[in-house]
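All of the numbers you see were taken from the coordinates with simple rules; none came from a lab. All figures in this text were calculated on a predicted structure; none of them were measured in a lab. Note that we place each Cβ from the backbone using ideal geometry, even for glycine, and neighbour counts take in every protein chain shown.
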C-alpha cells in the first residue's frame with residue numbers, strides 16, 4: 001500500500017496578510033526611526049564630549065599660566081620683603097628710632113566732648 005502525504009497550505013485570507021504587512025511595515029519604520037534617533041543622539045553626545053575636552057585643555061593652559069605668574073610673584077615678594085630692602089626703605093622714609101614709648105591711658109568712664 002502506497003501512502004502519500006499531501007500538505008495543502010492553509011488558505012490565508014487577504015485581510016489577514018494585509019494586517020501583517022501593515023504591522024511589519026510599522027515595525028520596520030519604527031526600527032529605522034529609532035536607529036536614526038540613536039545615531040543623532042550619539043553624534044550630539046560626541047560633540048558635547050569634544051567640547052568639554054577642549055574646555056579642559058584651555059583651563060589647564062590657564063592654570064599653568066596662573067601657576068607660573070604665582071611663582072614669579074612669590075619670588076618678587078620674597079625679594080621685596082628681604083631685610084636689606086626694608087632697612088633701605090626705613091632710611092628713605094625718614095623714620096626715627098624711638099627711645100621711650102609713652103602710652104595714653106583712657107579711663108572707661110570718661111567721654112570726650114567739644
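Hey, how many Å between the Cα centroid of the stretch 80-94 and the Cα centroid of the stretch 29-48? A separation of 70 Å, based on Cα centres. If R0 equals 41 Å, the separation of the Cβ atoms of residue 78 and residue 107 corresponds to a calculated FRET efficiency of about 0.35. A viscosity of 1.002 mPa s and a temperature of 20 °C, combined with the Kirkwood radius over Cα pairs in Stokes-Einstein, give a translational diffusion coefficient for the stretch 15-79 of 127 µm²/s. With Rh defined as the Kirkwood radius, the inverse of the mean 1/r over Cα pairs, the Rg/Rh of the stretch 41-84 is 1.47.
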